[in-house]
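Structure, as structure tokens:
FYI, it's all coordinate maths here, none of it is from the lab. Not measured: the values here are computed from a predicted model. Reconstructed Cβ throughout: ideal geometry from the backbone, glycine too, with neighbour counts over all protein chains shown.
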Amino acid sequence: MQLSQPANILRFRKALLDWFETVRRPLPWRTERTVYRTVVSELMCQQTQIDTALPYFERWMRRFPGFEALAAADPDTVLKHWEGLGYYSRARNLQRLAQAIVAEGDHPKSAKDWQKLPGIGPYTAAAIASIHHAEPIAVVDGNVIRVCARLTADERSFKNGTEAGKQLGPIAQSLLNPEQTGAHNEAMMELGALVCRKANPGCLLCPVRDFCEAESNGNAAELPRLQRAKATEESVERVWVEAEGSILLQRIAAKGSQLQGLYELPMPRELGLSAKGKILAKEKRGIGNRRITESIRYRQADSADLKVAEADSSLVWADAEKLKQLPLSGPHRKWIQKHSAAAAGLNPK
DNA sequence: AATCCGGGGCC
DNA sequence: GGCCCAGGATT
């Protein structure tokens, strides 16, 4: 059936919503719907799979139950509750957003106004406004891009997701059900997540397969076509400096850095620390298209280390208790845990 | 328009 | 090992 015809668009909307009602996952921000819970869930789910965000969401709600509690919280505690989720600017933006809403005494009511708040872009603004204010605006995320590219059998090669969204957004907007704005948007994303998956799309079980040109062409799994940049390789030196059961950590202070406020093993070249010591481990992490190998050298603190640490306020000594409290980047917490036994073995106790 | 930002899941 | 995920901010 041609989706260009109005009568078929109405059929599409009904088939999608009927399906959604039967498979809709009882996610915690759906079963108890408040603006605050929606905002938190949307920020947490940006570039993050639902199942990964779920335990963070529950913890977050226990600790920061509403905009007021979040606005008044200690920023390090906020960051600590985001530890391991990545994209840490989301946590800072979420607190700034809460502070703005508390200061204003109310929250925005339109997508346009929501988008003025930190951390809220076109996608998130549309999601909140369609769910809570019945605004007829389509969300365009990775799921929706994939669904629309397949529905229309769009075989163009897009430079990136932004470019694809610009081209396919109007399709999503034309499909939007103006009487069920929130449910329709959620249904489109649910379809992409559960059926119209990137790999192994479940076309045989798809509620809107009759409307899908790619399915009739038999190439749904190949769409959309997105160009990708090649990965680059980098290496970074780290030092694991111990003194009396404490480890030296570096607080990332750079205001522009998205890692601002997080703690990591120090980068000696940045801090005037020596890079001496035996290599304890080489670990890898991926950030975007970068593949970074981090060489971690271990040593007992010498007098020069103590002097540098004393003079540089971004360096802190953390004992076991402090280590638990500080917000660390996910990989560094994991690596410190992983190698602490080996590091202890190097101590001449 | 291009680049940067994290970490995990999946094939 | 490459790709993607309920993207946004910055340059």
Whole-Hz couplings from phi, Karplus 6.51/-1.76/1.60, listed for region A:162-168; x for Gly and Pro: 4, 4, 4, x, 5, 6, 9
Among A:S235, A:S314, A:S329: highest mean-square fluctuation, GNM of chain A, C-alpha pairs under 10 Å: A:S235
Total charge dipole magnitude, region A:6-226, about the Cα centre, Cβ charges on Lys, Arg, Asp, Glu only, Debye to nearest 20: 200 debye
Using a basic spin-label model with each label point 7 Å from the Cα along Cα→Cβ, how many nm lie between A:R269 and A:K322? 2.7 nm
Modelled FRET efficiency - R0 30 Å, A:R290 with A:R225, Cβ distances, 0.05 increments: 0.80
Quick one: of A:K109/A:K322; A:K112/A:K324; A:K166/A:K198; A:K112/A:K230, which pairs are farther than 30 Å apart, Cα to Cα? A:K109/A:K322; A:K112/A:K324; A:K112/A:K230
Bridge orientation stat for chain A from DSSP, antiparallel percent rounded to 5, came to 55 percent
So if we plug the beta-carbon distance of A:R63 and A:S4 into 1/(1 + (r/R0)^6) with R0 = 45 Å, what FRET efficiency do we get, rounded to 0.05? 0.35
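Whole number please: convex hull volume per residue of the Cα set in chain A, in Å³?
155 Å³
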Please report the Cα spread of region A:279-349 along all three principal axes, rounded to whole Å, starting with the longest. 39, 29, 24
Neighbour cut-off at most 15 other Cβ (10 Å), DSSP loop, trypsin sites (Lys or Arg not before Pro), region A:132-164: A:R156, A:K159
Once Lys and Arg are counted +1 and Asp and Glu -1 for all other residues with Cβ under 15 Å from that of A:R11, the total becomes 0
Any residue on another chain or 5+ positions along whose placed amide H is under 5 Å from the amide H of A:V239 is listed here as A:R297
Run the simple label-point estimate for A:R11 and A:T232 please: 7 Å along Cα→C-beta, distance reported in nm. 5.1 nm
Under the 0.36 nm per residue contour assumption, what length would be gained going from the current alpha-carbon distance of A:A254 and A:N160 to full extension? 31.0 nm
With only helices counted (DSSP H, runs n ≥ 4, each -39500 (n - 2.57)), the per-residue ellipticity at 222 nm for chain A, to the nearest 500, works out to -14500 deg cm²/dmol
Could you tally the net charge around A:G286, taking each other residue with its Cβ under 15 Å from the Cβ of A:G286, Lys/Arg +1 and Asp/Glu -1? +4
Tell me which residues come under 5 Å, amide H to amide H, from A:A281 once H is placed; ignore anything under 5 positions away on its chain. A:I296
Calculated FRET efficiency for the pair A:S89/A:I50, C-beta based, R₀ 22 Å, to 0.05: 0.60
nm² value of the averaged projected area, convex hull over the Cα atoms of region A:68-200: 9.5 nm²
Just the number: Rg to Rh for region A:232-346, Cα atoms, Kirkwood Rh, two decimals. 0.93
Region A:232-346: antiparallel bridges as % of DSSP beta bridges, rounded to 5, reads 60 percent
Just tell me which lysines come within less than 18 Å, Cα to Cα, of A:K307; anything on the same chain fewer than 8 places away is out. A:K276
I want the local charge near A:E179. Using Cβ-Cβ distances under 15 Å, sum +1 for each Lys or Arg and -1 for each Asp or Glu among the other residues. -1
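Here are some pairs, A:K282/A:K338; A:K80/A:K282; A:K80/A:K334; A:K80/A:K278; which of them have Cα atoms lying more than 19 Å apart in this structure?
Over 19 Å apart, Cα to Cα: A:K80/A:K282; A:K80/A:K278.
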Give me a comma-separated list of calculated 3J(HN,Hα) values for region A:47-57, in order, Karplus coefficients 6.51, -1.76, 1.60 applied at θ = phi - 60°, integers in Hz, x for any Gly or Pro. 6, 9, 5, 3, 5, 6, 6, 3, x, 5, 4
